[in-house]
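Remarks on the structure that follows.
The values are calculated or read from the model by the stated rules, or taken from the named source; none is laboratory data. Computed from a predicted model, the values in this text were never measured in an experiment. Glycine gets a Cβ as well: all are built from the backbone with ideal geometry, and neighbour counts include every protein chain shown. The protein model used for the area step is the full one, side chains on, heavy atoms only, and it has no ligands, DNA or RNA in it. Shrake-Rupley method; radii C 1.70, N 1.55, O 1.52, S 1.80 Å.
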Amino acid sequence: MKLLMDRILSEGRALSDSVLKVDGFLNHQVDADLMQEVGRDFYEYFKDYGITRVLTIESSGIAPAVYTAQALKVPMVILKKQTSKILNGDVYQTNIKSFTKGTSYELTLSSNYINKEDRVLIIDDFLANGEAATGAARLVEMAGATIAGIGILIEKSFQNGRTKLENAGYHVYSQARIARLGEGIIEFVEEDK
Ligand code: 5GP
């Protein structure tokens, strides 16, 4: 998606050869107009997949997911990183290893907001080693629902997340695919340029 790629080039900062900082429009401050375009792009790609729910992980997935859900005219469900006291009753839970923090956390989904008939689109900001997306997919499967696709804003294609997800049988669409990061270097996958 050219708009997102241009923004990554103009405002993104490679912190190392593996971490990209995009705090100015996605992870800390959010550009709502850009997120709306991101949502429209996911809509165009996934509109014929019969999606009934958009699912994302708090917090950076929420903005793009909400616009995607609005375009698809379906609800958006947030996977919680902490078990809230009011999230009692039936919940599905799984453990995720965090790429950026090097720690793990529990991801929780209430059974109220997903059912066996659902066809779910998982949206997340980054795809690195695929832990977050795989964990989200596990929760969807625990609920007996179907994963219709996985939509990612920024895929770091030099890491193994896509391979992991595709090997598990999931369909992945990434709007920007990064082939290489380094000090002052952000390179996209050749065919996307
Ligand atoms: P994975 O689970 O695929 O290894 O990592 C994906 C998650 O880690 C994303 O939800 C995102 O929050 C975070 N993440 C991974 N790589 C980056 C990165 O380069 N920059 C930022 N800002 N977040 C990242």
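Out of the residues in segment 112-162 that are crowded, with 24+ Cβ neighbours inside 10 Å and small (G, A, S), which is farthest from L55 (Cα to Cα)? For segment 112-162, the residue satisfying everything is G161.
Cβ separations smaller than 6 Å between residues 6+ apart or across chains give the following pairs from segment 43-60 residues that are within 16 Å of the ligand (Cβ to nearest atom) to residues that are among the basic types (K, R): E58/K81. Of the residues making up segment 17-41, those that are more than 9 Å from the ligand (Cβ to nearest atom), open to solvent by less than 80 Å² (accessible area, probe 1.4 Å) and touching a residue at least 60 places away in the same chain (Cβ under 8 Å) are V38, D41. In the set (1) within 19 Å of N95 (Cβ to Cβ); (2) surrounded by fewer than 20 Cβ atoms within 10 Å (Cβ to Cβ), the condition left unmet by L165 is number (2).
Mind checking which residues of segment 57-69 are charged (D, E, K, R) and surrounded by 24 or more Cβ atoms within 10 Å (Cβ to Cβ)? Correct list: empty. Considered as a group, the residues in segment 70-88 that are open to solvent by less than 60 Å² (accessible area, probe 1.4 Å) and at pLDDT below 95 include one that is farthest from V22 (Cα to Cα), and that residue is L87. For T103, are the conditions met, namely being out of contact with any Ser or Thr (no Cβ under 9 Å at 6 or more places or on another chain) and either modelled with pLDDT under 95 or of a type in the set (D, E) (or both)? Against the criterion (out of contact with any Ser or Thr (no Cβ under 9 Å at 6 or more places or on another chain) and either modelled with pLDDT under 95 or of a type in the set (D, E) (or both)), T103 qualifies. Looking only at segment 90-116, residues that are away from the ligand (no atom under 11 Å from the Cβ) and in contact with a helix residue (DSSP H, G or I) (Cβ under 6 Å, 6 or more places away or on another chain) come to 4 in all. Just so you know, in segment 117-168 the residues that are more than 26 Å from L34 (Cβ to Cβ) and in a loop (DSSP other than H, G, I, E, B) include one that is nearest to the ligand (Cβ to nearest atom), and it is N160.
Residue under question is V54, and the condition is that it be open to solvent by less than 60 Å² (accessible area, probe 1.4 Å), aliphatic (A, V, I, L, M) and within 21 Å of K193 (Cα to Cα); does it hold? It is false that V54 is open to solvent by less than 60 Å² (accessible area, probe 1.4 Å), aliphatic (A, V, I, L, M) and within 21 Å of K193 (Cα to Cα).
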